[in-house]
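Nothing in this text is a laboratory measurement; each read-out follows from the coordinates by a stated rule. Note that the coordinates shown come from a computational prediction; the quantities given were computed from them, not determined experimentally. Glycine gets a Cβ as well: all are built from the backbone with ideal geometry, and neighbour counts include every protein chain shown.
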C-alpha cells in the first residue's frame with residue numbers, strides 16, 4: 001500500500017513538473033503600430049508601439065536590432081502606457097526605408113510580464129513611403 005501511494009505521488013509529481021511550465025507561458029504581442037509588415041508607412045510617424053496580451057513589468061523592454069534591416073533613430077526613451085500593456089518607442093523615421101527589429105531576442109528578453117515571464121520574441125518590420 002505504501003509503495004503504491006509513493007508510486008502514485010511520483011507519477012503526479014512528474015505530470016505536474018511537465019504540465020506547470022505550460023501554464024507559465026509568457027505574454028505575446030497582440031498588436032503593433034505600425035502593423036507588422038506594413039508598407040507605405042508615413043515617415044512622419046513619431047513613435048512605434050507594441051501591445052502585449054498581459055500587463056508588463058515597468059521599466060523593462062528589449063527593442064532589438066536586426067542584421068536584416070535598419071533600426072530606427074531613437075527620439076526618446078521607451079515607456080509604457082497607463083494600462084501597462086503597451087510599450088511606446090519614440091522614433092525618427094526616414095522615407096523609403098525598411099525597418100527591421102525584434103521585440104525580445106535571444107540575448108535580450110526584457111519584455112516581461114508582472115510575474116517575470118518573458119514575452120515570446122517576434123520579428124517586427126515595416127517600410128516607410130518614399131515621400
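Miscellaneous remarks
- Flag for residue 82 being free of Cβ contacts under 8 Å to residues at least 12 places away in the same chain and in a loop (DSSP other than H, G, I, E, B): yes
- Qualifying residues in region 97-131 (those that are touching a strand residue (DSSP E or B) at 6+ places or on another chain (Cβ under 7 Å), without any contact (Cβ under 8 Å) to a residue 40 or more places away in the chain and farther than 18 Å from residue 30 by Cβ) - the one surrounded by the fewest Cβ atoms within 10 Å (Cβ to Cβ): 98
- Residues in region 64-75 that are part of a loop (DSSP other than H, G, I, E, B) and surrounded by fewer than 12 Cβ atoms within 10 Å (Cβ to Cβ): 2 in all.
- The residues in region 26-62 that are part of a loop (DSSP other than H, G, I, E, B), more than 25 Å from residue 130 (Cβ to Cβ) and free of Cβ contacts under 8 Å to residues at least 60 places away in the same chain can be counted, and the count is 8.
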